[in-house]
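Colleague: Sharing a structure with you now.
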Amino acid sequence: MNPFSLSNKTILVTGASSGIGKQVALSLTNMGANVVITGRNEERLNEVYQTLEQGTNLQVSADLTNETDRTNLVSQLPQLDGVVNSAGVVNPYPIKYITQAKIDETLNINYEVPLLLMAAITKSKKLNKKASVVFMSSISGQHPHKGGSLYSGSKAAIESLSKVFALEHYHLGIRSNCISPAMVKTEMYDDAEQDMTKQAMDDHVSQYPLGVGTPTDVANTIVFLLSDASKWITGINIRLDGGYLLEGK
Ligand SMILES: NC(=O)c1ccc[n+]([C@@H]2O[C@H](COP(=O)([O-])OP(=O)(O)OC[C@H]3O[C@@H](n4cnc5c(N)ncnc54)[C@H](OP(=O)(O)O)[C@@H]3O)[C@@H](O)[C@H]2O)c1
């Protein structure tokens, strides 16, 4: 049996209507998994669903910050062998512009949702023994940037959450790991391009010895973390940065 295969595994992917989550869903089905995909935008979610490899896949559109939507999603879930928590937003603001509403806008989806979702999934006993959970951080969790009080803060919190999840579930053989990508070319990247001058973006991109990442670069690491090939790995954070931090930024 190929330890990298995901045959007979069923995996929930949040944020699957776009970017990294979308590619993760495709890559997981290519490796033999069945997936439950969720995102807010029904039309884009359905487009992703139509491109998946055939299997017992399911799509459930949900605003995961809404408790009713979350409960509906969890009630439809089959038994899971893995969860990929990819849904997230950036929302960069200098600290002087932070308000309670802005904190909620970012922290709800980036931190509270993965925590509440994993709470509901574990409480309803939908996570099988030996399952693998992946939380999505960013290099900015450890290397904060100006304007990152919400984003970097939420990602640092996710890294702690992933370790706590690992600690509370290892007795069931359930593993939890985090990944921290640097710049990946997705819709989020396109938004960043809007927020920066072309010169600033070009300067940033030139600092990646291996170039900026693609959703496939991230998805391949997630395939590994969900597969039995990584069955001895839990509680870690894998940095994916094309060498960006190599020279000690
Ligand atoms: N791209 C990068 O450079 C990069 C780098 C490091 C880490 N990351 C992390 O990777 C993850 C995915 O990023 P991405 O680049 O793939 O972003 P993206 O293309 O903007 O996709 C974000 C996804 O999150 C979903 N989402 C946002 N708010 C939601 C809500 N309230 N309820 C349910 N779903 C919601 C979106 O759904 P809809 O579109 O349907 O609304 C979309 O599917 C994020 O956690 C991000 O922080 C990205």
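Results for (1) under 19 Å from residue 215 (Cα atoms); (2) not in a helix (DSSP H, G or I), shown as yes or no for each residue.
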site: 16; (1), (2): yes, yes
site: 24; (1), (2): yes, no
site: 38; (1), (2): yes, yes
site: 45; (1), (2): yes, no
site: 55; (1), (2): no, yes
site: 73; (1), (2): no, no
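Colleague: Looking at the stretch 14-27, I want the residues that are on the phi > 0 side of the Ramachandran plot and have a partner that is among the small types (Gly, Ala, Ser) and more than 7 Å from the ligand (Cβ to nearest atom) with Cβ atoms under 8 Å, at least 6 apart or on another chain. Which pairs are those?
Modeller: No pair meets every condition.
Colleague: Looking at the stretch 138-168, which of its residues are polar (S, T, N, Q) and within 14 Å of the chain's Cα centre (by Cα)? It would help to see each step written out before you state the result.
Modeller: Kept after step one, since they are polar (S, T, N, Q), are these residues of the stretch 138-168: 138, 140, 142, 149, 152, 154, 160, 162.
Those that are polar (S, T, N, Q) and within 14 Å of the chain's Cα centre (by Cα): 138, 154, 162.
Colleague: Of the numbered conditions (1) within 11 Å of the ligand (Cβ to nearest atom); (2) modelled with pLDDT under 95, residue 62 fails exactly one; give the number of that condition.
Modeller: The one condition residue 62 does not meet is (2).
Colleague: Only helices (runs of 4 or more DSSP H) wholly contained in the stretch 160-234 count here; list those with 3 or more residues that are surrounded by 19 or more Cβ atoms within 10 Å (Cβ to Cβ) and not polar (S, T, N, Q).
Modeller: It comes to 215-226.
Colleague: If I filter the stretch 75-122 down to residues being aromatic (Phe, Trp, Tyr) and in a helix (DSSP H, G or I), which single residue comes out as farthest from the ligand (Cβ to nearest atom)? Walk me through it before giving the result.
Modeller: Applying the first criterion (aromatic (Phe, Trp, Tyr)) to the stretch 75-122 yields 93, 97, 111.
Of the ones still in play, those that are also in a helix (DSSP H, G or I) are 97, 111.
Details: 97: 20, 111: 10 Å.
Here the answer is 97.
Colleague: Which of the residues spanning the stretch 123-158 are assigned to a strand (DSSP E or B) and not basic (Lys, Arg)? Quick ask: steps written out before the conclusion?
Modeller: So in the stretch 123-158, the residues assigned to a strand (DSSP E or B) come out as 127-136, 148.
Listed by number, the residues that qualify are 127, 128, 131, 132, 133, 134, 135, 136, 148.
The values are calculated or read from the model by the stated rules, or taken from the named source; none is laboratory data. Bear in mind that the values here come from a model prediction, so they are computed numbers and not experimental data. Note that each Cβ is placed from the backbone with ideal geometry, even for glycine, and that neighbours are counted across all protein chains shown.
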